[in-house]
Amino acid sequence: MKVLIAGGGRTAAQLASLLLAQGHRVKVIEDRPDVLSAVHQELPTEVVHEGNAADPRVLMEAGVAEAQVLAACTP
């Protein structure tokens, strides 16, 4: 299953790690530089997509058309 996660905070990173461990394809979308730095340390680089998840162009680049789930984990 392909899952997009909007937001890259602690909850999003933990959810992404759990889903990756279960064999799912995951993309985490984040635009805050400080959070990006932390998420890049916790998750594989190919999982992280830099950009604002409220921007339709960013969602398309991240693969929203192929995703079965979009999880919003934003503050």
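The values are calculated or read from the model by the stated rules, or taken from the named source; none is laboratory data. Just so it is clear, the model here is predicted, and its values are computed rather than measured. Don't worry about glycine lacking a Cβ; one is built from the backbone with ideal geometry, like all the others, and counts go over all protein chains shown. Calculation scope for accessible area: heavy atoms of the full protein, side chains included, ligands and nucleic acids excluded. Shrake-Rupley method; radii C 1.70, N 1.55, O 1.52, S 1.80 Å.
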Expressed in nanometres to one decimal, the distance between label points 7 Å along Cα→Cβ at GLN14 and ALA54 is 2.6 nm
In whole angstrom, largest first, the equivalent ellipsoid semi-axes that the Cα gyration tensor gives for the chain are 16, 15, 10
Share of accessible surface on carbon and sulfur in the chain, whole %, 1.4 Å probe and ligands ignored, is 54 percent
Pseudo-spin-label distance SER37 to HIS24, built 7 Å along Cα→Cβ, given in nm, is 2.9 nm
For GLU61 and MET1, extending 7 Å from Cα along the Cα-Cβ vector and measuring point to point gives, in nm, a value of 2.7 nm
Regression test value, accessible area per residue of the chain, probe 1.4 Å, units Å², expected 57 Å²
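Given Cα pairs under 8 Å that are at least 6 residues apart, what percent is the relative contact order of the chain?
Values: 120 pairs, mean separation 33.7, N = 75.
Reported as a whole number, the value is 45 percent.
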